[in-house]
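First the structure, in the form of structure tokens, and then the observations on it.
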Amino acid sequence: MSDYYTPQRKSNFYSPEKVFPLSRSKIDLFIECPFCFYLDCKLGIKRPPGYPFTLNSAVDKLLKKEFDYYRDKKESHPLMKKNNIEAIPFSHEKLSEWQNNFKGVQYLHEPTNFLTKGAVDDVWINKKNELIVVDYKATSKNSQVNLDQDWQKAYKRQMEVYQWLLRKNEFEVSNVGYFVYCNGVTDNDFFDQKLEFEISVLPYKGNDDWIENTLVEAKKCLEGEIPPSSPECDFCLYRKTLLKNKIYNKI
């Protein structure tokens, strides 16, 4: 087993007697597969991690630096002007905390005792003094980027959780957020030690009505019997295949 991954935690299990931290990604895990969610939060057995998207992280970091430049000047970024978005990057004493993966925007949901949290990429503010949630995405595809793919529903839920968290922190939040989508250009004749991107700013009108009930259902899941797995969960299908072929005793 590699040094950086421990499949079972030794602490921070769900207990109804104490506040339990529930990140945006864990909420999405519950929606994807209640069985994997139960294993993770109740038993401490985590899914194997994916490979780190270091190039995407580099794009995120550079975009944040760029928007911070205009944040300090209290001016609209050229991408905002190009897309007729009447807003500026939002300045707030907690912004760096909101962007921190280990902290994020936090709210204690008292009916479930979940300390819900999620780290935003950026926040803008419009002329109505409404906050605008912004999420950075990076990809490389030949076609025009959009939000129409089925797997992008997770992106939309991600934004809606951020909108909900900011509202619970007593901010006025616009229903419309934006995805700053960077699409790597691959049809240049030479690489020339640099990767160019075409950047699209895609609006999305969120609806966070589903979140409260989802948190309640997630709590019921953790306090009940082990739930069935999702038929579309690749991790569960892999485990079932091992069991079917009696391979576990070879590990």
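Residue count for region 155-190, restricted to those that are among the hydroxyl-bearing types (Ser, Thr, Tyr) and more than 24 Å from ALA58 (Cα to Cα): 1.
Of all the listed residues (LEU195, LEU222), the sole one being at pLDDT below 95 and either more than 18 Å from the chain's Cα centre (by Cα) or of a type in the set (D, E, K, R) (or both) is LEU195. Restricting attention to region 46-94, the residues that are at negative phi, part of a loop (DSSP other than H, G, I, E, B), loosely packed, with under 11 Cβ neighbours inside 10 Å and of a type outside the set (D, E, K, R) add up to 5.
Across region 100-127, the qualifying residues are those that are outside any loop (DSSP other than H, G, I, E, B) and among the polar types (S, T, N, Q), and the one among them that is surrounded by the most Cβ atoms within 10 Å (Cβ to Cβ) is THR116. The lone criterion from (1) closer than 30 Å to LYS127 by Cβ; (2) in a loop (DSSP other than H, G, I, E, B); (3) without any contact (Cβ under 8 Å) to a residue 12 or more places away in the chain left unmet by GLU97 is number (2).
Please indicate, with yes or no, whether at least one residue in region 199-219 is out of contact with any Ser or Thr (no Cβ under 9 Å at 6 or more places or on another chain), under 30 Å from THR241 (Cβ atoms) and surrounded by 12 or more Cβ atoms within 10 Å (Cβ to Cβ). Checked against the condition, which is being out of contact with any Ser or Thr (no Cβ under 9 Å at 6 or more places or on another chain), under 30 Å from THR241 (Cβ atoms) and surrounded by 12 or more Cβ atoms within 10 Å (Cβ to Cβ), region 199-219 yields at least one hit. Scanning region 144-185 for residues that are touching a Ser or Thr at 6+ places or on another chain (Cβ under 6 Å) and more than 29 Å from ASN126 (Cβ to Cβ) yields one hit, GLY184.
The values are calculated or read from the model by the stated rules, or taken from the named source; none is laboratory data. As the structure is a computational prediction, the values presented were derived from the model and not from experiment. Note that each Cβ is placed from the backbone with ideal geometry, even for glycine, and that neighbours are counted across all protein chains shown.
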